[in-house]
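The block underneath contains the structure these notes are about, expressed in structure tokens.
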Amino acid sequence: MCELFDQYVRQGRIEGKIEGKNEGRAEGENRLAKLAQVLMDSGRNEELRKALTDQGYREQLYLEAGLS
């Protein structure tokens, strides 16, 4: 009986991790899309290009755009 309970707990943790990863991925994609839209609307295409490859710079832009 205890082993069955442990299996349910393990399965719940696995499912929780998967769900958390999926939610985190969606949040990250939405955040980047919002930043891209802000930069494009401002004509800052070169900054967008740099943000796509430079994580530190991207973080600076998130702060500037109020997306932190």
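Derivation of every value follows stated rules applied to the coordinates shown; laboratory data play no part. All values derive from a computational prediction rather than experimental measurement.
Quick look at the numbers
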| quantity | calculated |
| --- | --- |
| Ratio Rg/Rh [Cα only; Rh per Kirkwood] for the range 6-64 | 1.26 |
| Partners for K50 among lysines (Cα-Cα distance below 20 Å; same-chain residues under 8 apart left out) | K34 |
